[in-house]
Amino acid sequence: MAEVVVLRRSNPDGRPLLTLLGRVYLGVAFVFLFLPIITLLVFSFQKNQYASIPGQGWSLRWYEKLFSDDMLLSALSNSLIVSPIAATAASIIGFCAAYAVNRFVFPGRSTLAVVIVLPILIPPLILGIGFLGLLSRLHLEGQLLSVIIAHVALTTPAAMAIIQLRLSQLPASLEEASWNLGATEWQTLWKVVLPCAASGIAGGWLLAFTFSFDEFVIAWFVSGFQPTLPVTIYTYLAASADPSLNAIASIIFVFSGLLLAGAELLVIPMVIRASSPGRRSVPA
Amino acid sequence: MADIVSEASTVPLTNSKKPRGRTNRLMIAMLALPTFYSLVFFIGPLIFLIALSLWKVENFRVVPAFTLENYISVGQQMFGNSNYSIAILQSLYVAATTAALCVALCGAFVLALVYTLPSRLHRLALLLAVAPFWTSYILRVFAWQILLAKRGIINTALSAMGIDWQLAVLNTQTATRIGLLHYSAPVIIVILFVTVKSIDRDLIEAARNLGATRWTTFRTVILPLSRVGIVLSFCFASIIAFGDVLSGSILGGGAGRSLVGSVPLFANVIMSDYSGSTNLPRVCVLAIIMVLILVFILMAGMKGSEAAQRSIS
């Protein structure tokens, strides 16, 4: 009898008022989180020069203006060169590091794990100044290559973290079975580990791409006359609030929305699996 | 490649251990790239930061030297014209208040998520909460600018609804905090979600069975068990806030007002010092000061989370 009472009391619906309050708070929080994104999406289609309510009607003029804006377009194409290259390099380096840390015991293993992840804790401002110093010494400053080099260092930790999460969820017996069946370590790596880690690698790549695509401070220091998109947007913001920014924002938001859908479908299940120790499911 | 294959095929089938002999080569191959890259392009810039701070500028060019000139001149201006000390104070104040706000609001969010939503919705809710993090930070800051502006969306909406009261936060550090909160909330929500999710539900049920109210359960079970997560997320949020430049410069308007005064954040001072003087060695000294403060925050956070860990076990 007592157990029945207990079950009812620990039910989330036990205290409707508190539950309601919690849900209202969640609603308000989601409005806060999505307000900026919705704002830019809506006002990119509004006639207003200065965003205000009520709006002045719908229009595509900011999109037209955007596509005749050479500065924004060349910055966008710079970003579309830098970010995929940086993300690919970061995923390769991240995979190597994650595999080594996951699989081997070697002197300096924990140091490597820390050093690889450290850039995420260091503000990009500091890295930007350091990179500017180093790259200008190597005569590599002020070009797209310098942004790529810096972004690889910046995004490798993120890629590595996701890949390692995936690798740590693969049972060690998988590799052992492959060895037992006569495969070499390289074959095992190529034909067993890599395909099994593919979702982690894809997630890591998307995360690295997003970090690089959005990164501002380091690019501001090292890009010189080859600004990436965030750097140019900052220049626009410093001058005046140009609604062309709304238009490019909408395009980017839709773009990031697609990336996000892909990445979160890959990454969030891994995080949730890692955080619920009770149910250890066999990785697919 | 062929010799590797033939050698591996001699490994007996019953051997459940890894094939011997080639391990070192694979390990070195896998380690070479990450080690090289992090040495040259991560440790490299940081060491260069220190080296550069000892160099000097001659005829607008940075030349190698070994001088403490930059340190002395920054030290002299610590309390002088440039007022670095006030900017550091402003940054610490804004970072600490933002982090506290962020942990409190995100903590409430996670509790509401975990304890008022049915568990099949947890994943979706977390997915949505993290979504803004994937979008461009500078564009979100721009959105907050047009939302919070004097004749911006929120204020014009208020007057359209016939409300006299107007929001006047743009170009103050309050707006900086809003931008920073929006930036760090997804990260902190994930950290706290993992923390709260890992609390054994049986403990909560047990407390409730024994007659504890929801509030008592929260205070005596959930809060103590979340201490490590709370300390870590506070530390993380302060590091993000202390190193950030965008919210302070676009929403805070450079020198936003706060209780400390209308002073820019330290990060913004560093950036404007660089664009104003392009004196890289001097900027390096400022960057080193920033690193030292961050290391201090990080160490305090580590100590704090160790203490919290000990208080549980």
Exercise. Please work out which one of (1) modelled with pLDDT of 90 or more; (2) surrounded by fewer than 23 Cβ atoms within 10 Å (Cβ to Cβ) is the condition A:SER178 fails and give its number.
Key: (1)
Exercise. Scan (1) without any contact (Cβ under 8 Å) to a residue 12 or more places away in the chain; (2) open to solvent by 30 Å² or more (accessible area, probe 1.4 Å) for the single condition B:TYR183 breaks and write down its number.
Key: (1)
Quiz item: Is there any pair with a first residue in segment A:189-207 that is without any contact (Cβ under 8 Å) to a residue 40 or more places away in the chain and a second that is of a type outside the set (A, V, I, L, M) whose Cβ atoms are under 7 Å apart and which are 6 or more apart or on different chains, and what are they?
Solution: A:VAL192/A:GLU175; A:VAL192/A:SER178
Exercise. Among the residues of segment A:235-255, count how many are of a type in the set (Ser, Thr, Tyr) and open to solvent by 20 Å² or more (accessible area, probe 1.4 Å).
Key: 3
Quiz prompt | Residue list for segment B:175-197, restricted to those being modelled with pLDDT under 95 and touching a Pro at 6+ places or on another chain (Cβ under 8 Å) | solution = B:PRO186
Quiz item: Here are B:ALA131, B:ALA157, B:ALA149: which of them is touching a helix residue (DSSP H, G or I) at 6+ places or on another chain (Cβ under 9 Å) and at the interface with chain A (Cβ under 7 Å from one of its Cβ atoms)?
Solution: B:ALA131
Quiz item: Yes or no: B:SER258 of a type in the set (Ser, Thr, Tyr) and farther than 19 Å from B:SER85 by Cβ?
Solution: no
Self-check item: Conditions (1) more than 9 Å from chain B (Cβ to nearest Cβ); (2) over 23 Å from the mean Cα position of the chain (by Cα); number of the one not met by A:SER250
Solution: (2)
Quiz item: If only one of A:LEU118, A:LEU125, A:LEU76 is at the interface with chain B (Cβ under 9 Å from one of its Cβ atoms) and surrounded by 16 or more Cβ atoms within 10 Å (Cβ to Cβ), which one is it?
Solution: A:LEU125
Practice problem: Given the conditions (1) more than 12 Å from chain A (Cβ to nearest Cβ); (2) over 30 Å from B:TRP215 (Cβ atoms); (3) assigned to a helix (DSSP H, G or I), report the number of the one that B:VAL57 does not fulfil. | Solution: (3)
Quiz item: Which of the following residues is facing another protein chain (nearest Cβ under 10 Å) and over 28 Å from the mean Cα position of the chain (by Cα): B:SER136, B:SER119, B:SER198?
Solution: B:SER119
Quiz item: Do we have A:ALA90 as in the same structural domain as A:GLY203 (by TED's automatic domain parsing) and within 16 Å of the chain's Cα centre (by Cα) here?
Solution: yes
Practice problem: Check whether at least one residue in segment A:38-59 is within 25 Å of the chain's Cα centre (by Cα), in a helix (DSSP H, G or I) and in contact (Cβ under 8 Å) with a residue 60 or more places away in the chain, and report yes or no. | Solution: yes
Exercise. Starting from segment B:267-286, keep only residues that are touching a residue at least 24 places away in the same chain (Cβ under 8 Å), then list their pairs with residues that are open to solvent by 40 Å² or more (accessible area, probe 1.4 Å) and among the hydroxyl-bearing types (Ser, Thr, Tyr) whose Cβ atoms are within a distance under 6 Å, requiring at least 6 positions of separation or different chains.
Key: B:VAL285/B:TYR71
Quiz prompt | Selection from segment B:81-90 of residues that are outside any helix (DSSP H, G or I) and either among the hydroxyl-bearing types (Ser, Thr, Tyr) or closer than 17 Å to B:LEU298 by Cα (or both) | solution = B:SER82
Quiz item: If you check B:PRO224, B:PRO264, which single one turns out to be over 27 Å from A:LEU118 (Cβ atoms) and at pLDDT 90 or above?
Solution: B:PRO264
Exercise. Please list, ordered by first then second residue, the pairs with beta carbon atoms under 7 Å, 6 or more apart or interchain, first in segment B:226-240 and in contact (Cβ under 8 Å) with a residue 60 or more places away in the chain, second among the hydroxyl-bearing types (Ser, Thr, Tyr) and open to solvent by 10 Å² or more (accessible area, probe 1.4 Å).
Key: B:SER226/B:THR195; B:ARG227/B:SER311; B:VAL228/B:SER305; B:VAL231/B:SER305; B:LEU232/B:SER305; B:ILE240/B:TYR183
Self-check item: Elements of type helices (runs of 4 or more DSSP H) in segment A:65-139, at least 2 residues being aliphatic (A, V, I, L, M) and in contact with a Leu (Cβ under 7 Å, 6 or more places away or on another chain)
Solution: A:70-103, A:124-137
Self-check item: Residues of segment B:78-103 satisfying the condition of being open to solvent by less than 60 Å² (accessible area, probe 1.4 Å) and more than 21 Å from B:GLY243 (Cα to Cα)
Solution: B:GLY80
Exercise. Please state which one of B:THR213, B:THR217, B:THR174, B:THR156 is under 20 Å from the mean Cα position of the chain (by Cα) and among the β-branched types (Val, Ile, Thr).
Key: B:THR174
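For every residue, the table says whether it meets (1) under 27 Å from A:SER136 (Cα atoms); (2) over 22 Å from the mean Cα position of the chain (by Cα); (3) away from every other protein chain (no Cβ under 11 Å).
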residue: B:PRO224; (1), (2), (3): no, yes, yes
residue: B:ARG227; (1), (2), (3): no, no, yes
residue: B:LEU232; (1), (2), (3): no, no, yes
residue: B:ILE239; (1), (2), (3): no, no, no
residue: B:LEU259; (1), (2), (3): no, yes, yes
residue: B:MET271; (1), (2), (3): yes, no, no
residue: B:ARG310; (1), (2), (3): no, yes, yes
Quiz prompt | Matching residues, segment A:26-57, being open to solvent by 70 Å² or more (accessible area, probe 1.4 Å) and facing chain B (nearest Cβ under 7 Å) | solution = A:TYR50, A:PRO54
Quiz prompt | Residues satisfying the stated conditions in segment A:90-112, i.e. open to solvent by less than 30 Å² (accessible area, probe 1.4 Å) and more than 11 Å from A:LEU167 (Cβ to Cβ) | solution = A:ALA90, A:SER91, A:ILE93, A:CYS96, A:PHE104, A:PHE106, A:LEU112
Quiz item: Just a yes or no: is a residue in segment B:62-80 within 10 Å of another protein chain (Cβ to nearest Cβ), among the hydrophobic types (A, V, I, L, M, F, W, C), under 25 Å from B:ILE240 (Cα atoms) and in a helix (DSSP H, G or I)?
Solution: no
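The values are calculated or read from the model by the stated rules, or taken from the named source; none is laboratory data. Everything quoted here is computed from the prediction, not taken from an experiment. So basically every Cβ, Gly included, is an ideal-geometry build from the backbone, and we count neighbours across all protein chains shown. Heads up: the accessible areas ignore ligands, DNA and RNA and are worked out on the full protein's heavy atoms, side chains in. Shrake-Rupley method; radii C 1.70, N 1.55, O 1.52, S 1.80 Å.
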